[in-house]
Structures are given as structure tokens and as C-alpha cells.
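Comments concern the structure below.
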Amino acid sequence: MSVRRLAEDQFQPAAFAFNDENAVWAEKTIKKYPEGRQQSAIIPLMMRAQEQEGWVSKAAIEKIADMLDMAYIRGLEVATFYTQFQLHPVGSRAHIQVCGTTPCMLRGAEGLVKVCKSRINAHALERNDEGTLSWEEVECQGACVNAPMVVIGKDTYEDLTPERLEEIIDAFVAGKGAEVQTGPQIDRLFSAPEGGLTSLLDSPLPTAKKATKAKAGTKVVAETVVTPPSEAGRPVSSDAETNPALKSPADGKTALPEEHPKAAPAKEDNTAVGKKAE
């Protein structure tokens, strides 16, 4: 397990405070939790502090702990346990998280790491000379089918090549990161097969059908009726679903017909017996 420590004192600010908007948000968030359980808000508050400052400082941890009436050590435990919290200053324009788990590694993540080392800093979690960029290698980011990928802020950039990552870095350096296309960087729709569909080509999804509804003395109104994909190909309902008589009145279960109905018992023929008795 990695050892996570707070940044050195030279990087630590003297104080921390939420801006006006985040302060209002924090108070509303704390009130969502039952009385006596407000300390459960520490993770969302700490994440909001990180979004505001770029990282979580010692002053931020202590401020949030005071807001939640927590001991400082409890706040430190949360901040140092979860790797989603950055405990050191990161790039002011972009902090690039390169996925290094098996699918991404097999599809070229090492090339992305080399780009980060050459363009940003040879060491992870260290900023470039301008302080605008930083990077780190992380575990699975959840887009394995579109490997390799990176995460910047809250956005994913998938199906990357080293050349494409360099272009993305150039955009963030120029302050144009918001203009970069997120998601797949190739001609693919989300996680659809690369190069287009390979199956279900002759079974298109049900098309929308038009239906009209009218009432006496009113204008005809057209409405669209769409068959959900889950309904497509569903077998016709059985008679038991449409005929209540086939359901047992006792428990509501469908009364199934017997496969081999029993024959009615034959009546006993006492003719011969009667004649013998005579």
C-alpha cells in the first residue's frame, strides 16, 4: 500500500475558506445528513475543496473538520486513505491521470506515460516548470473497452495515441482545454465497436409508429408510440394472462391444464350379480 503524506510546509497555505458559492453548497450538503451523522459529509466537502483549490491542503482538512465537529486526526485519516484526494499541489491547468491497468497497458499506456514524462515532468505528481501541468499513473478508470485512456478533471479522453495526447496537452497549455473533444478520440460512438457495428445488422431497432387519438368535439391530436427495445421480440402473452378464468381464485396462480386428464371412473355393472342372486 502506498504511503500518502501531506505536502511539505512550504506548499501549505496559512488558511482555507470556501468561496461564497461553495460555502452555501456545503451548508446545504451537511443538512442532508441526520442529526448526529453530519460527519458523513466529510468526503463530499473535501472533494468540493479540491475542486476549488486543485488539491487538499492541511488547512482545508482542518477547516472541514471544524465544520463537522470532528477531530483533526479523523479528517487526516480520510484524506490520506482515499487516493482520489490530491495531497500536493497539481497543475493549475491540467492534472493528467494515466490509466496503467492491464487493458490500457496492453494497448499502449506506456507510450502515454513517456509523453507525460517528456512534456511535463520526469516524476509523477511533480509539476512542470510553469506549474500548469502535472501527471500521475492511476488504476482502472472504467473505460477499458476504449483503452488506452487518461482522465483530466472530470473528463475522460479515450482511444489515445501518444501523438493525440501531445495535441491535448498543447491545447491545455494554450488555455484551450475546454475546446478539446472528450471521450473517444477516434471515429467511434461512445463504446460502440471500432469501425462500426459487426452484429445485429439485419435487426434494426423498432421504428416509431404514428397513432392518432380523437375525442368527440375536439381536434385530432397525433401522438408518437414507440415500442421499447425490451418489448421487441417478446412472445405473445399466454391465455392465462388475458383470461382471468384460468387463474386460481385461491392464490391467483395460473391453473395449468393437466397433461393426461384422468378418465371418469366406470360405473359398476351389477346386472350379472343380480341375475346370479336370483
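Considering segment 1-50 at the alpha-carbon level, its Rg and Dmax are found to be 14.0, 39 Å. Averaging 1/r over every pair of different alpha carbons in segment 9-81 and inverting the result gives a Kirkwood radius of 12.4 Å.
The distance between label points at K114 and T83 comes to 2.4 nm (points 7 Å beyond Cα on the Cα→Cβ vector). Size descriptors for segment 94-184, from the alpha-carbon set: Rg then Dmax equal 11.8, 35 Å. Measuring r between the beta carbons of I73 and E130 and using R0 = 51 Å, the FRET efficiency lands at 0.90.
Past the 27 angstrom mark, what percentage of all C-alpha to C-alpha distances in segment 1-160 do you count? The proportion of pairs with Cα distances above 27 Å equals 32 percent.
From the alpha carbon centroid of segment 1-65 to that of segment 122-178 is 25 Å.
Remark: for residue pairs K154/K176; K63/K117; K117/K176; K63/K176, the C-alpha separation exceeds 24 Å in K63/K117; K63/K176.
Only the coordinates and a few stated rules stand behind these numbers; no lab work does. Quantities reported herein were computed from a predicted structural model and do not represent experimental measurements. With ideal geometry, Cβ positions are generated from the backbone for all residues, glycine too; neighbour counts draw on all protein chains shown.
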